Amino acid sequence: MTTEPASRRVPLIRIEGLRKSYVLGDVTVHALRGVDVEIAGGTFVTVVGASGSGKSTFMNILGLLDRPSGGRYFLEGEDVSGFDRDRRAVLRNRKIGFVFQNFNLLPRTSALENVELPLLYNGKPYSAGDRHLKALGLLEAVGLGQRAQHMPNQLSGGQQQRVAIARALVNDPEILLADEPTGNLDSRTSVEIMEILQRLNREKGITIILITHEHDIAEYGQRVITFRDGRVVSDQPVEKRRDAAAELSALPALEEEATA
């Protein structure tokens, strides 16, 4: 049995001539103007651009939250461009996890219950015990096993984002889409979140696509795609990739900071 050469493998994501337009009153806004991108499975890609550049529209289409006005979107070789709302929802629930800047946690629900929630809608017959064990395992993986019963308002911003990451992983997605995941966090907590994402990519092989306007955060990825005015203007590998785990180990302990 022969192995197919890497150069001939179907990319996880292939975008061809992608366009997206919105009509606002008498004005047509062209959010995407013919985007061509390929993303291989198991990579860590960052997408940067100013506000209004098209990067968030691009993420919404990749995440099957929206449909393009033109062009084609292939996911694992299947053209999903024309999928209706229901077909997109089924595929999204099976293959894609989301992490947002504002965490989007249910305020009156514990961390554990927030993580369990997607399991109620994925069509698989999980028992309450199975849901509990899986969610708890993911909270432990992001360092929050001891805070499983805490409500969001009892958690710091970084801890809430860890809960959001655990929730995004609970359906075992192939792709994790992170939209400005460090936007509301301080610098140290941002590094902690990037360490988790780099570890998931390295150890689990999850494809990470991270949207950011911060170029220093983009350097944690393997490749940076830059948007401007609805077009890709640059698509380059990261020459000196930042290692979040190494950066964290070099930082003073929190106790040392408090007494400094």
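The values are calculated or read from the model by the stated rules, or taken from the named source; none is laboratory data. What you are looking at is a predicted structure, and each value in this text was computed from that prediction instead of being measured. Quick reminder, even Gly has a Cβ in these numbers, built from the backbone with ideal geometry, and neighbours come from all protein chains shown.
Here is a check on your reading of the model: is GLU239 loosely packed, with under 14 Cβ neighbours inside 10 Å and either of a type in the set (A, V, I, L, M) or out of contact with any strand residue (DSSP E or B) (no Cβ under 8 Å at 6 or more places or on another chain) (or both)?
Yes; evaluated as a whole, the condition is true for this residue.
In contact (Cβ under 8 Å) with a residue 60 or more places away in the chain and crowded, with 18+ Cβ neighbours inside 10 Å: which single residue out of GLY34, GLY63, GLY42 fits that description?
After applying the criteria, what remains is GLY63.
Just wondering, is there one or more residues in region 189-205 that are farther than 17 Å from TYR220 by Cβ, modelled with pLDDT of 95 or more and in contact with a Leu (Cβ under 8 Å, 6 or more places away or on another chain)?
no
Taking the options ARG231, ARG167, name whichever one is closer than 26 Å to THR57 by Cα, among the basic types (Lys, Arg) and surrounded by 22 or more Cβ atoms within 10 Å (Cβ to Cβ).
ARG167
Give the residue that is nearest to GLU76 (Cα to Cα), with candidates limited to residues of region 87-119 that are part of a loop (DSSP other than H, G, I, E, B) and among the hydrophobic types (A, V, I, L, M, F, W, C).
PHE103
Return the residues of region 1-25 that are at pLDDT 90 or above and outside any strand (DSSP E or B); say none if nothing qualifies.
Across region 1-25, the qualifying residues are PRO11, LEU12.
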